[in-house]
1. What spacing in nm lies between the two simple spin-label points modelled at residue 82 and residue 104, each 7 Å away from Cα in the Cβ direction?
2. How much length would be gained if the chain were fully extended between residue 130 and residue 35, taking 0.36 nm per residue of separation minus their Cα-Cα distance, in nm to one decimal?
3. Excluding same-chain residues fewer than 8 positions from residue 113, which lysines have a Cα within less than 28 Å of its Cα?
4. Against the empirical 2.2 N^0.38 Å scaling, what ratio does the C-alpha Rg of segment 89-130 come to?
5. Which order results if 13, 46 are arranged by neighbouring Cβ count within 10 Å, fewest first?
6. With r as the distance between the Cβ atoms of residue 19 and residue 42 and R0 = 30 Å, compute the FRET efficiency 1/(1 + (r/R0)^6) and round to 0.05.
7. Counting other beta carbons within 10 Å of each Cβ, put 110, 7, 97 in order, fewest first.
8. Restricted to Cα positions, what overall size does segment 1-52 have along the principal axes? Three whole-Å values, descending.
Amino acid sequence: MATFQFDFVGPERTLYSGAVEAVQLPGSEGEMTVLPGHAPVITTLRVGVIVVTESQGNGKRIYVRGGFADIGPTSCTVLAERAAPIEELTPESIDRDIEAAELARDATEDQQKRQELNAQIVQLQETKVLLKL
């Protein structure tokens, strides 16, 4: 199968760089799958899991908390606000993220920001359930 270059950059380190067959992204408008030859798109990401398919039956899962994806026909680059390999997640780390979002929500008067933070809290709780943490 054809491949394309995928680069995933978190705030502290590069989490992935290499040729892949497909990448599933938690886009802000919904889940999307990137394949070779994809039309150029820039999208924001929500809290979720990026699934990288290196080859049939072989891949990786990476937790992402916000960021951007720059998609083109021959490459996809993700710049994440926060990210970690699934293996590094713990219930405590997700709980800390939920607590931080709740504190930020309670500290703001901006209704739009409160709605965004409420959505982020729900996404974090769903992620914790999906990952069985």
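Readers should treat all values here as calculations from the given coordinates under stated rules, not as data from a laboratory. Bear in mind that the values here come from a model prediction, so they are computed numbers and not experimental data. Methodologically, a virtual Cβ is constructed for each residue, glycine included, from the backbone with ideal geometry; neighbour enumeration extends over all protein chains shown.
1. 0.7
2. Taking 0.36 nm per residue and subtracting the Cα distance, the gain is 31.8 nm.
3. Cα-Cα hits under 28 Å: 128.
4. Normalised Rg, Cα atoms only: 1.16.
5. 13, 46
6. Efficiency, rounded to the nearest 0.05: 0.90.
7. Ascending number of Cβ neighbours within 10 Å: 110, 7, 97.
8. 29, 26, 17
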